[in-house]
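Report on the structure given below.
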């Protein structure tokens, strides 16, 4: 019997120790999922921590978030988005602050203040950004060359571009607004260029009336573009999704369009080499801010393995990891020491975002969902009517409906109505 027990003891002693585990949630599937799985194995090889992935597609993922934050089966690390989509959970005390971790790992030197701002609320930091992407105008170089024009750098240049293209029989700017959200890019950029990122973010947090003169200025400039016949007809763009305008560019029927860099993955191969990029033109002298939807990892307050979760965040913050993953996923690393891929659009976008004075997440990420759903419809309607007064009144009514503030609360402590 003693011999048998000793044999069992030595057998068990020789078995490899069970790896520590970490539950990490992930949005989506396909190639991106396989890349994360691969780097999960690398993380395990370096730390001995085995990742159990919880993967859901976008709609199901969003529906699961509240239950994850509040329930017993909370993931140890949650993949999510910076800005207001993070802060809505921070205000509920559902997200673990990682300011000490950030300082201990000297991450302040690896991320620009603009990028750090996407995960900072009050005096605390709540997540690690690992990738983002840029917005701007995409166009065919051959079309601009045939018209003898350069990409516009100023507001007057943009209006002049519209005049030249319209005279040549082209639709100057294409857009597809069937699902409304692309119109928000125009509101965001006009507001950022006219009023700066601080004003824009205060507005999207509900702290400023939409009837404010600075917001009126945004719509007055937008109307100037509408009056100059810069956009494809509303009857047409209201029928198209965001991809549908691309054939207008392919066939030299239109000049340009405002898109996120995700559009480059949709370019028809035969035209891809001819496409170029330029940033949204300058309007006045406010510090330059850009649209830069940012993906992050956070630790929920109910995480059971916060020490292991911190190790994963440190792994995802590293320049070498971000550099490799971004190259494969065709995104831009947020760590400023990560080398950029040789993709020309990624290289331009990285320079644009890393040198920006501020970043916004996009209107539907920077506002509560009910406000975003209402406002994007109003933006689309405005592109058809050009009615500034009606639009401002309707936006302000939505702001008053979907935000509330106690009489004594600071403006930065607004409560959002879910």
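The values are calculated or read from the model by the stated rules, or taken from the named source; none is laboratory data. Predicted model only: the values in this text are computed from it and were never measured. So basically every Cβ, Gly included, is an ideal-geometry build from the backbone, and we count neighbours across all protein chains shown.
Some observations on this one:
- Which listed residue is in contact (Cβ under 8 Å) with a residue 12 or more places away in the chain, loosely packed, with under 15 Cβ neighbours inside 10 Å and farther than 19 Å from residue 374 by Cβ, from 227, 244: 227
- Residues of the stretch 214-232 satisfying the condition of being within 19 Å of residue 177 (Cα to Cα) and assigned to a loop (DSSP other than H, G, I, E, B): 229, 230, 232
- With a requirement of 2 or more residues that are out of contact with any helix residue (DSSP H, G or I) (no Cβ under 7 Å at 6 or more places or on another chain) and surrounded by fewer than 17 Cβ atoms within 10 Å (Cβ to Cβ), the helices (runs of 4 or more DSSP H) lying completely within the stretch 67-127 that satisfy it span 99-104.
- The set of residues in the stretch 36-66 that are modelled with pLDDT of 95 or more and either part of a helix (DSSP H, G or I) or not assigned by TED's automatic domain parsing to the domain that holds residue 80 (or both) comprises 36, 37, 38, 39, 40, 41, 42, 43, 44, 45, 46, 47.
- Residue check for residue 196: at pLDDT below 95, surrounded by fewer than 21 Cβ atoms within 10 Å (Cβ to Cβ) and part of a helix (DSSP H, G or I): no
- Checked against the criteria, residue 136 does not count as modelled with pLDDT under 95, within 30 Å of residue 257 (Cβ to Cβ) and surrounded by 14 or more Cβ atoms within 10 Å (Cβ to Cβ).
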